[in-house]
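In what follows, a single structure is set out as structure tokens and then discussed.
The values are calculated or read from the model by the stated rules, or taken from the named source; none is laboratory data. All figures in this text were calculated on a predicted structure; none of them were measured in a lab. Heads up, the Cβs are rebuilt from the backbone with ideal geometry, glycines too, and the neighbour counts pull from every protein chain shown. Keep in mind that these areas ignore ligands, DNA and RNA; they rest on the heavy atoms of the full protein, side chains included. Shrake-Rupley method; radii C 1.70, N 1.55, O 1.52, S 1.80 Å.
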Amino acid sequence: MHPITVEYLRWIVLLPLGGAAFLGITNRRLPTVVVSLVASLTVLGSFLLSAQAFFALRALPTAGRLLTDRVYSWMPVGDLRIDVSFMVDPLTAVMILFVTGVAFLIHIYSIGYMKGDRGYQRYFAYLNLFVGMMLILVLSDNLPLLFVGWEGVGLCSYLLIGFWFEDLANSAAGKKAFLVNRIGDFGFLLGMLLIARTLAGKVGGENLFSFAVMAQHTSLLAPVATAIGLLLFMGATGKSAQIPLFVWLPDAMAGPTPVSALIHAATMVTAGVYMVARMNFLYVLTPTAMAVVAVIGALTALVAATIAVTQDDIKKVLAYSTVSQLGYMFLACGVGAFGAGIFHVMTHAFFKALLFMGAGSVIHALHHQQDMRYMGGLRSKMPVTFVTMFAAMLAISGVFPFAGFFSKDEILYNTFLDSKVLWAIGYAVAGLTAFYMTRLLALTFFGKSRVDEEHVHEVHESPLSMTIPLMVLGVLSLIGGWIGWPHFLGGSNRFETWLAPVFRHGMEGEAMAHGAENAVHASAAAHAALAHGAETAVHAGGSTELALAVASLALALLGIAVGFVVYLRRLDVAEAARRAAGGRLYWLLKGKYFVDEIYEALIVRPGYWLSDIVFFRFTDAGLIDGVLVNGTARSLGILGSVLRLLQNGMLRWYAYSFTLGVLVILFYLVRHL
Amino acid sequence: METIANHLLSWVIFLPLAGIVPLLALPRGADRSAKSVAAVILLLDFLLSLKLLAGFVPGGGFQFVEDHLWVERFGIHYSLGIDGISLWLVMLTTFLGPILIISTWNAITTRVREFMVSMLFLQTAMLGTFCATDMVLFYVFWEAMLIPMALIIGIWGGKRKLYAAVKFFLYTFAGSALMLVAILYMYSQGAGSFSWFAFRDLHLTGTQAAWLFGAFTLAFAIKVPIFPLHTWLPDAHVEAPTAGSVVLAGVLLKMGTYGLIRFAIPFFPSAAAQFAPLLSTLAVIGIIYGALVAMVQKDVKKLVAYSSVSHLGFVVLGLFAMSTESMAGAMFVMLSHGLSTGSLFLLVGFIYERRHTRLISDFGGIARVMPLYAAAFMFATLASVGLPGLSGFVGEFLVLLGTFKSVTLHHATLFTVLAATGVIFGALYMLWMYQRVFLGDCENPKNQGLKDLGLREVLILVPIFFFILWMGVQPKPWLKSMEPALEALIEQQQQALSASGGSEALRWVEITPATSLEEVQR
């Protein structure tokens, strides 16, 4: 079946890009109202078009759910055909809907949050540019165009982290984000090149980077699938802040808080997960790469969660929490549950954006105070912020029936089927998550106020432009997971069914990877599972799934209970825990495992020393220029003063010696060649 | 009009030279008029060159051909022509011309008329070099470039201008002298004339070809410059006035890479294949080394100069990987580098005119006082670091892709992986410099009163930025017009390699770079 061409897909991208260009070119000349309207309406337009695409897609039969919009041929050289071409399949439909939806809410929120900032227009220009780039990333039908969006969102992240650039720390954080991402992109780039080399000349003049073409030629990719998978995943560890490249995300909190909500929680950082899910047909060919993805995901989830427990800066807690949750998403992909990973991408976007915007509301009210040690008791003064953040806390902790319960549970269940060890890590992280989020809430909203005397009376709820987005996301944090209501609880998991066609290759590919004999059988099973809406496959595991769900719910409630008890009644327990093991453990966690310091000592400083002393001063200035170039000149100078005797000013003598010289050289060449 | 149409290339080449006449007719001290006359002449020249673009047929070989006997006895012709390889370099040169003159509006205040004469003379020499299809004519233009450039550095340059000018002159002259010997030798081997075609079709033994390739390549490698022949470049750039730096980075460096693709590779295909591992190694060293040394520079201009060493490394790598993608990428990097690095030098010039310093440590936080300037610098920075969507990415991506799948280059994977680290280091030195110059608090009182860009400065940058964006978003017209010429070159290369005999060809490729030179000498 031929995909259906719809030309409005390009407008989903062009609207926010056009807004960015308009706001950028007219910088600082427009009234605030115009800026706000242009910025948010373009994103709203994209949202409506995305919705249109979604409904158009839903009206199609399951097997033919694909809309395309080929705009133009971008890089045609030799065998290479790279197009600027967009597509919407069920996976992209999910992504564009929640990206534009959340982005619109955050634009509205920013109108209140950024009010009066002298970079108001610049801020919205960057924000629109970001939305446009993010949409290129998820709408692209091929890897190089995805890479345009990938780097584009990285640029916007850089610009927005360092938005208040007068503070050098902010711009340093922006630069760090860009550079760490570039390390990942180095891998991404090589991954693309390996795909090109593998498929070059074998795909009959089509764009070999197109996802559809690659998926058709998995047998060609199979021999190098592990290398490609790992290289692309290297890019994902940069963009989505996984071990070992997660160090930039906590620093990225230097940006305005709505930016943290949009870019560094809900959308951009999940691009790595999206990419891995998009390339599912490749990853399922390589158990090794899948295992690496899963293990890195699980370890990142654990490491970041332990750090989050000790941080005092409210945004730092949320940043490490994001790193940890992203770990969950990769864990899901690594065990082959791509649908569950994307499900968590979506629910996480709701509740984590809400948490950041709630934190922003608090920070706004407290005159840019971010340290939770100087908060407390804000519950009554900021009721909307409190209630919505509480909902988000329940969602991220995985309390039934909030959104996070469904997605996290699906991840843990699928992990359990694959590896008990990884499941145990994921399970422990769930408990830690509930604990540190409760700690955050308790320190911010409960207990006595520790806000400084000056500001304590001015604390008030944020304006409607900020609280309405909170409320919308609060509702989504509750009901957002219901579309994935699992079978074992009597639902039909419509989310998984919706995505199934995208991950069909995955199921077939995995079947192939399991060996020739099982292949036919498993492939048939996969088809059958699809045909019956995955119903049959799930029924068998229903009781296990139920048991696991009850266990994680119990752990979440335990974590919440312990959190409240410790931080409201028994602070002495927290103090004791801090001093446990001679305070070493707390020191290690509070110091974030000193990863930054290790990188600084092992890579940054030696690298600079090598470049400055060895390369520049010794090799370049000393050896090459000093000894070889100027040394030659100097020895020629000495030679010249001897030869000056020959320089008698007679033209004929010069002509004669010149001719002689040429002749000698020619003679030599003729004789010896 | 018909004479113009029949001699379009001659007109484009010599119009700047003819412009010297009205310049000399101007009275002394009429500085503004001198600048205006030069600007108008070069603008006209650019408009004239658009006719080349309009009439160019991709895949039509050499076009706008002119051929007149010059010195009958030696078979020297005045012959010109452009193909898909030279077309865009000619366009780049004529495009940058008027921009350069306008950039000197406030910067050049002494001997203005003489400066303009040098620039016009240089323009003719550069255009001639790209268009000449006779080796003697080429050599004349090639050497003619040296004189005005050395004067521009030596008269209008900075503190160590004489040192830099002499170094530039001697370094490049030494290389060209070898090339002259090689040209004469090839003529003596029965080429019959100095025509490019005769030289290309000349039959040489492997040893002869290796030596001649070495002589040509050395001359071009100095010009590129390829590591370790690069140390004249930072000196020349730092001492040269802004317009000199822009033309040096924008066009003159491409003379080296143009020479490689126009002469060294097609004349000596098997030698080129034989030395490809050596040159690729040097190219990759240049990419990494140039970037790391750029990182530790304290002078912004020197930083940009070293970044050229890094960028040009991509070009050399792409040329010697000899696949369609890599060569198209190399050509694209040449053009893109001309625009992005050209604009960076212009921007550095703007701030130097205001503060008379280029030391990074003298700045900091000037984005607050010069927001427009900071935005323009950011754009040029992003173009330089190869952000997708801007021109830099297309070239680097194609070079890497073409090198990675190269069938002729050994260890292509290793070369590609090492070269790809350039994407990290490129961002590293540019963004770090940007941070130290533009971001943070503006503490230095001397910077607090800095004026933002004026209209003239904006007008200089806008056309360059426009093309950086266009070439990044829609590179197809550029790629399509150069592709046939590149494919013809690659085909000729492959024929030559297979014709030189299976066993011999194999031997050439198998030789490691370290031993190949000695082996050839024996």
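For this structure, a couple of remarks:
- Among the residues of the range A:169-190, none is identified as surrounded by fewer than 23 Cβ atoms within 10 Å (Cβ to Cβ) and among the acidic types (Asp, Glu).
- Among residues of the range B:262-288, those that are open to solvent by 10 Å² or more (accessible area, probe 1.4 Å) and within 13 Å of chain A (Cβ to nearest Cβ), counted: 3
- Odd one out for residue B:132 among (1) more than 27 Å from residue B:266 (Cα to Cα); (2) crowded, with 24+ Cβ neighbours inside 10 Å: (1)
- Checking each residue of the range B:481-493 against the condition of being within 13 Å of another protein chain (Cβ to nearest Cβ), open to solvent by less than 50 Å² (accessible area, probe 1.4 Å) and of a type in the set (D, E, K, R) gives at least one match.
- Failed criterion for residue A:131 (all others in (1) farther than 30 Å from residue B:327 by Cα; (2) assigned to a helix (DSSP H, G or I); (3) open to solvent by 10 Å² or more (accessible area, probe 1.4 Å); (4) of a type outside the set (Gly, Ala, Ser) hold): (3)
- Test for residue B:320: is it over 12 Å from the mean Cα position of the chain (by Cα) and more than 14 Å from chain A (Cβ to nearest Cβ): yes
- Scanning the range B:174-190 for residues that are open to solvent by less than 20 Å² (accessible area, probe 1.4 Å) and farther than 11 Å from residue B:216 by Cα yields B:185, B:186.
- Filter pass, residue A:632 being open to solvent by less than 40 Å² (accessible area, probe 1.4 Å) and out of contact with any helix residue (DSSP H, G or I) (no Cβ under 6 Å at 6 or more places or on another chain): no
- Taken across the range A:160-176, residues that are assigned by TED's automatic domain parsing to the domain that holds residue A:283, within 29 Å of residue A:88 (Cα to Cα) and under 22 Å from the mean Cα position of the chain (by Cα) do occur, with at least one present.
- Selection of the range B:358-404 for residues being out of contact with any strand residue (DSSP E or B) (no Cβ under 6 Å at 6 or more places or on another chain) and among the charged types (D, E, K, R) yields B:362, B:368, B:396.
- Residue count, the range A:453-464 (criterion: surrounded by 16 or more Cβ atoms within 10 Å (Cβ to Cβ) and either among the small types (Gly, Ala, Ser) or without any contact (Cβ under 8 Å) to a residue 40 or more places away in the chain (or both)): 1
- Subset of the range B:159-174 [part of a helix (DSSP H, G or I) and away from chain A (no Cβ under 13 Å)]: B:161, B:162, B:165
- Residues that are away from chain A (no Cβ under 13 Å) and within 22 Å of the chain's Cα centre (by Cα) were ranked within the range B:459-474; the one that is surrounded by the most Cβ atoms within 10 Å (Cβ to Cβ) is B:468.
- In the range A:54-89, the residues that are more than 9 Å from chain B (Cβ to nearest Cβ), assigned to a loop (DSSP other than H, G, I, E, B) and either in contact with a strand residue (DSSP E or B) (Cβ under 6 Å, 6 or more places away or on another chain) or open to solvent by 60 Å² or more (accessible area, probe 1.4 Å) (or both): A:59, A:61, A:81
- Within the range A:90-99, not a single residue is open to solvent by 10 Å² or more (accessible area, probe 1.4 Å) and over 23 Å from residue A:340 (Cβ atoms).
- Considering the range A:139-157, and only residues there that are under 12 Å from the mean Cα position of the chain (by Cα) and over 13 Å from residue A:17 (Cα atoms), the residue that is nearest to the other protein chains (Cβ to nearest Cβ) turns out to be A:151.
- Look at the range A:168-183: where a residue is more than 7 Å from every other protein chain (Cβ to nearest Cβ) and a partner is modelled with pLDDT of 90 or more and not in a helix (DSSP H, G or I), sitting 6+ places away or on another chain with Cβ atoms under 6 Å, you get A:170/A:162; A:170/A:164; A:174/A:162; A:180/A:245.
- Enumerated helices (runs of 4 or more DSSP H) restricted to the range A:191-259, each holding at least 1 residues that are open to solvent by less than 10 Å² (accessible area, probe 1.4 Å), farther than 30 Å from residue A:358 by Cβ and modelled with pLDDT of 90 or more: A:211-216, A:218-221, A:225-239
- Cβ-Cβ contacts under 7 Å between residues 6 or more apart (or on different chains), taken from a first residue in the range A:184-202 that is facing another protein chain (nearest Cβ under 10 Å) and under 19 Å from residue A:243 (Cα atoms) to a second residue that is basic (Lys, Arg) and open to solvent by less than 20 Å² (accessible area, probe 1.4 Å), are listed as A:184/A:239.
- One residue stands out in the range B:420-457 among those that are more than 10 Å from chain A (Cβ to nearest Cβ) and free of Cβ contacts under 8 Å to residues at least 40 places away in the same chain: the one that is farthest from residue A:161 (Cα to Cα), namely B:455.
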